[in-house]
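Please read the structure below before turning to the comments.
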Amino acid sequence: MPSSSLPSNELQETQMEGFPLVRASKATLRTTNPIRQIVDKIKKPENSDKPFLALNIGDPALYGNLDTPDFARNALAAAILKGRSNGYTPSTGTLEARQAVVRMTASAAVEYTPDDIMLTNGCSMALYMAICVLAEEGENILVPKPAFPLYQSICEHYGIETRHYNLLPESNWEADLQSMESEINEKTRAILVNNPSNPCGAVYSKPHLEAIVNLAERYRLPLISDEVYADMVFEGHEFIPLAAVSKNVPVLTCGGLAKQFLAPGWRMGWILICDRTQAFKQVREGLVRLSQVLLHPNSVVQAALPEIQQNMPPTYFKDLCKTLQANGDYAMSRLSSIHGLRVVPMQGAMYLMVAMDPDAFSDIENDVDLTQKLLTEESVGILPGVAFGAPNFFRLVICAPVEIMKTAFDRIAEFCLRHRKV
């Protein structure tokens, strides 16, 4: 834009050493990350005599006790050494890699072909594409509350409204179907479901998933299912893909290697297109067009996918879930006995949501205040629930070694006792 098109007074205000202020686009300036907006204001203590213990970062590989499995690392190393996967690939991914994803996500209730698979740069990119292909600026998508904040960030960037339906802590974070239905209007374009859940650690039953699908069918709305924690469930619970219970409602399922294979840095995600009634004909074309702009994910990781799938031990997920459940059970046991805290039991994934009662403390106003003071006094990092839309809760990650969690929970117990209302 020529500088002369600006009003003279505004031009003078924006002038910097003879060059006018360069404006950022409206789309970028309305883009936010609720976690960063809150966490960036929380100051890390300087010169603390206590080592910092991070229970706030959703990275399973952070401490090294949950490492990317050998069969996956060996497959990646072999792909690198072959030297045949250093160039560009088709924008939706190679046929061999998409065939591997078909086998990895196989279910008796839903069948995919390679044409139903879109490979993406991580699950975050899959979510970005799924949201963008279904909604325009000024329209809306229903998302859970509490929820992973990225859903809102993507929507804000494109001027898409997020309308929040409640999850019920008293029902292990199941969706409040009345709340969901009340948020639907003539501009609603899709309902987004997250199962297993971040930040709640919930795993939905088949009847609950069927109820969500039935509501979506009644209003003729497609579904987006964030299933990046697929198969990461505790004993007594079962992971059921949302697409597996949908007979007519089309579903875009977003997943990836990041959490299941403890490799978030590999940036390999995918979209699974379930479209039994051919309602997604235009959507398929839109996804391909988006992929041609964003280009394909890492070519070497794509080349490793077939070997990762072929060499995965049959007990891999069972063993991983056993470790996660042991950590989760320990966390729930310790935290449930601490003054002023109440645990909502987790059923899978890597996260535990804990309610805090401000009335139980003498000088802690809310979850953000608790997070800041805990960090300052005890060097323990957690995330305030308000970042996810759940005030007076906090989220912690249960992937750290037990000895790290023990020290962290000892500090949390001492902190809560020190601040208790007498």
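With contacts defined as alpha carbon pairs under 8 Å and 6 or more residues apart, what's the relative contact order of the stretch 327-422 in percent? Working shown, then result.
Working: 150 pairs, mean separation 30.9, N = 96.
Averaging sequence separation for qualifying contacts and normalising by length gives 32 percent for the stretch 327-422.
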Requested in this report: Sticking to Cα atoms, compute the Rg of the chain to one decimal and its Dmax as the biggest Cα-Cα distance, whole number, in Å.
Outcome: 22.9, 70
**Report entry** Filter on 206/281; 259/322; 206/318; 187/259; 145/406 - keep pairs with C-alpha separation over 23 Å
**Finding:** 206/281; 187/259; 145/406
Query raised in the report: Check residue 190: other-chain or 5+ apart residues with amide H under 5 Å from its amide H, H built from backbone geometry?
Result: 142
Query raised in the report: Modelled label-to-label distance, residue 137 and residue 23, 7 Å Cα→beta-carbon offset: nm?
Result: 1.3 nm
Report task. Specify which residue in the list 166, 211, 132 is farthest towards the positive end of the charge dipole of the chain, using unit charges on the beta carbon of Lys, Arg (+1) and Asp, Glu (-1), about the Cα centre. Result -> 132
Requested in this report: Would you look at the GNM of the chain, springs on alpha carbons closer than 10 Å, and say which of 83, 328, 58 moves the most?
Outcome: 83
Requested in this report: Quickly work out the residue 186-to-residue 363 label distance, labels modelled 7 Å from Cα along the C-beta direction, and quote it in nm with one decimal.
Outcome: 5.6 nm
Query raised in the report: At a Förster distance of 30 Å, what's the computed FRET efficiency of residue 293 paired with residue 168, Cβ-Cβ distance as r, to 0.05?
Result: 0.15
Requested in this report: State in Å² the accessible area per residue of the stretch 181-257; use a 1.4 Å probe, count heavy atoms of protein chains only, and round to the nearest integer.
Outcome: 34 Å²
Query raised in the report: Once you mark the trypsin sites (Lys or Arg not before Pro) that are in a DSSP loop and have at most 16 other Cβ atoms within 10 Å, what is the longest gap between them in the chain?
Result: 277-420
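Please give the net charge around residue 388, taking every other residue with its beta carbon less than 12 angstrom from that of residue 388, where Lys and Arg add +1 and Asp and Glu add -1.
+1
Counting pairs of alpha carbon atoms under 8 Å apart in space and at least six apart in sequence, what relative contact order in percent does the chain give? Show your work: numbers first, answer last.
Working: 789 pairs, mean separation 93.6, N = 422.
With pairs under 8 Å counted, the relative contact order is 22 percent.
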Requested in this report: Please give, to one decimal in nm, the separation of the simple spin-label points placed at residue 417 and residue 248, each 7 Å out from Cα toward the Cβ.
Outcome: 6.0 nm
Report task. Under 14 Å from the Cβ of residue 403, count the other residues' Cβ atoms, weight Lys and Arg +1, Asp and Glu -1, and hand me the total. Result -> +2
Query raised in the report: How large is the charge dipole for the chain, taken about the Cα centre, if only the Cβ atoms of Lys, Arg (+1) and Asp, Glu (-1) carry charge, to the nearest 20 debye?
Result: 620 debye
Query - Selected from 25, 299, 383, residue furthest toward positive end of dipole (the chain; charges at beta carbon) - result: 299
Query raised in the report: In whole Å, what is the distance between the alpha-carbon centres of the stretch 211-271 and the stretch 170-190?
Result: 17 Å
Report summary line: Of 28, 162, 68, the most mobile residue in a GNM of the chain (C-alpha springs, cutoff 10 Å) is 28
Report summary line: Percent antiparallel among DSSP beta bridges confined to the chain, rounded to 5, stands at 60 percent
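How large is the dipole of the stretch 191-322 about the Cα centre if only Lys and Arg carry +1 and Asp and Glu carry -1, each at its Cβ, rounded to the nearest 20 debye? Could the numbers behind the result be given before it?
On the way: 12 positive and 11 negative charges, 75 e Å.
Rounded to the nearest 20 debye, it is 360 debye.
Quick check for me: using +1 on Lys/Arg Cβ and -1 on Asp/Glu Cβ, what's the dipole size of the stretch 264-422 about its Cα centre, in debye to the nearest 20?
Values: 16 positive and 16 negative charges, 111 e Å.
Its charge dipole is roughly 540 debye.
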Query raised in the report: Do the sum for the chain: with -39,500 (n - 2.57) for every DSSP H run of n ≥ 4, divided by all residues, what is the mean residue ellipticity at 222 nm, to the nearest 500 deg cm²/dmol?
Result: -11000 deg cm²/dmol
**Report entry** Accessible-area composition of the stretch 219-314, carbon plus sulfur, in percent [1.4 Å probe]
**Finding:** 50 percent
Report task. Evaluate E = 1/(1 + (r/R0)^6) for residue 36 and residue 406, where r is the Cβ-Cβ distance and R0 equals 30 Å; express this FRET efficiency to the nearest 0.05. Result -> 0.55
Query raised in the report: Which FRET efficiency value, to the nearest 0.05, is calculated for residue 281 and residue 210 with the Förster distance at 35 angstrom and r the Cβ-Cβ distance?
Result: 0.85
Requested in this report: Would you mind telling me which residue in 198, 248, 86 has the biggest mean-square fluctuation in a Gaussian network model of the chain, where springs connect alpha carbons within a distance under 10 angstrom?
Outcome: 86
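The values are calculated or read from the model by the stated rules, or taken from the named source; none is laboratory data. For clarity, every value in this text was computed on a predicted model and none was experimentally measured. Using ideal geometry, Cβ is built from the backbone for each residue, glycine included, and neighbour counts are taken over all protein chains shown. When the accessible area is computed, the model is the full protein with side chains, heavy atoms only, and any ligands, DNA or RNA have been set aside. Shrake-Rupley method; radii C 1.70, N 1.55, O 1.52, S 1.80 Å.
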